[in-house]
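These notes are about the structure you will find just below.
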Amino acid sequence: MISIGNFFFKYRNIIFIALYIALFIPSRSLFGDGNYLWAIILGLLVTVGGQLVRAATIGLAYIIRGGRDGKVYAEELVTEGIFNHCRNPLYVGNILMLLGVGILSDSLLYVAVLIPIFLFIYHTIVLAEENFLRNKFGEKYEAYCKRVPRWLIKFSGLGTTTSNMHYNWRRYLIKEYNTLYIWLTGITLVLLFKHPRIYDNDDSKRNLLLAVILPLLLLGYLFIRYLKKSGKLKE
């Protein structure tokens with residue numbers, strides 16, 4: 001499983017994008033044709049919840065575990081912030097975000113088949129990361145594992161954690177603007193192509209919304225990227 005996890009870790013970003021594209025694979029409805037509002041409301045609640053988990057995690061205590069040369073890597077063992085309540089909060093956020101857009105797309109195939117596959121992929125990646133961390137940090141990591149759940153978020157003491165730490169919104173924007181752009185673009189496309197009743201099945205209205213929303217999202221992405229690259233937005 002660890003070798004499988006190392007393989008998926010190397011290609012995890014490609015897998016993430018592929019799963020967004022898979023939202024548009026034809027599928028039976030999750031809620032039924034007459035209940036599309038449930039898909040929209042529940043889907044947005046879940047996917048926004050996932051982004052909020054990521055936002056809280058990155059803004060409080062960022063973890064440098066992006067890998068080196070496509071391999072698992074960590075400079076230090078981060079146990080502060082949300083990592084004091086869940087060992088993999090960024091992955092939990094990703095799972096909720098993808099599950100949410102799957103619900104939003106009203107796709108039975110996505111929720112029943114692709115999400116379980118995604119969970120398997122993430123589980124193997126986490127096993128590979130844990131193997132690396134266990135070998136590097138030894139007893140310190142073992143004690144952390146005994147204290148903090150792998151997947152579930154431990155809510156006890158969460159208020160104390162957030163109140164005693166400074167939230168770094170600049171770091172959140174710098175580290176998350178790529179994910180935000182892909183996520184918001186995905187939500188926009190799902191809403192406009194999967195739920196035509198929003199714009200009364202009028203393709204001209206859909207095209208107008210696309211012509212307004214997508215360029216605005218791109219401009220926001222490019223603006224934050226410019227601020228980051230120019231050094232005007234720093235952590």
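The values are calculated or read from the model by the stated rules, or taken from the named source; none is laboratory data. Note that the coordinates shown come from a computational prediction; the quantities given were computed from them, not determined experimentally. Here the Cβ positions follow ideal geometry from the backbone for every residue, glycine too, while neighbour counts run over all protein chains shown.
Tabulated results
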quantity	calculated
Meets criteria (farther than 28 Å from LEU44 by Cα, modelled with pLDDT of 90 or more and surrounded by fewer than 18 Cβ atoms within 10 Å (Cβ to Cβ)) for ALA112	no
The range 3-45 - residue that is more than 22 Å from the chain's Cα centre (by Cα) and in a helix (DSSP H, G or I) and, of those, modelled with the highest pLDDT	LEU37
Selected residue [surrounded by fewer than 19 Cβ atoms within 10 Å (Cβ to Cβ), of a type outside the set (Phe, Trp, Tyr) and in contact with a Ser or Thr (Cβ under 7 Å, 6 or more places away or on another chain)] from ILE14, ILE4	ILE4
Some residue of the range 47-68 being crowded, with 20+ Cβ neighbours inside 10 Å, within 19 Å of LEU192 (Cβ to Cβ) and either under 16 Å from the mean Cα position of the chain (by Cα) or of a type in the set (Ser, Thr, Tyr) (or both)	yes
Residue check, GLU176 surrounded by 11 or more Cβ atoms within 10 Å (Cβ to Cβ) and over 23 Å from LEU98 (Cβ atoms)	no
Unmet criterion (only one of (1) surrounded by 14 or more Cβ atoms within 10 Å (Cβ to Cβ); (2) in contact (Cβ under 8 Å) with a residue 24 or more places away in the chain; (3) of a type outside the set (Val, Ile, Thr); (4) out of contact with any Asp or Glu (no Cβ under 9 Å at 6 or more places or on another chain)) for PHE155	(1)
Filter pass, ALA112 being without any contact (Cβ under 8 Å) to a residue 60 or more places away in the chain, more than 30 Å from LEU37 (Cβ to Cβ) and among the aliphatic types (A, V, I, L, M)	no
Helices (runs of 4 or more DSSP H) fully within the range 130-212 counting 1 or more residues that are polar (S, T, N, Q) and under 20 Å from GLY81 (Cβ atoms)	158-163, 169-194
ILE182 vs. criteria modelled with pLDDT under 95, over 19 Å from the mean Cα position of the chain (by Cα) and among the β-branched types (Val, Ile, Thr)	no
Residue that is in contact with a strand residue (DSSP E or B) (Cβ under 7 Å, 6 or more places away or on another chain) and more than 22 Å from LEU52 (Cα to Cα), where the choices are LEU108, LEU127, LEU114	LEU108
Some residue of the range 76-86 being hydroxyl-bearing (Ser, Thr, Tyr) and either in contact with a strand residue (DSSP E or B) (Cβ under 9 Å, 6 or more places away or on another chain) or assigned to a helix (DSSP H, G or I) (or both)	no
Selection count where residues are in contact (Cβ under 8 Å) with a residue 12 or more places away in the chain and surrounded by 14 or more Cβ atoms within 10 Å (Cβ to Cβ), scope the range 199-226	10
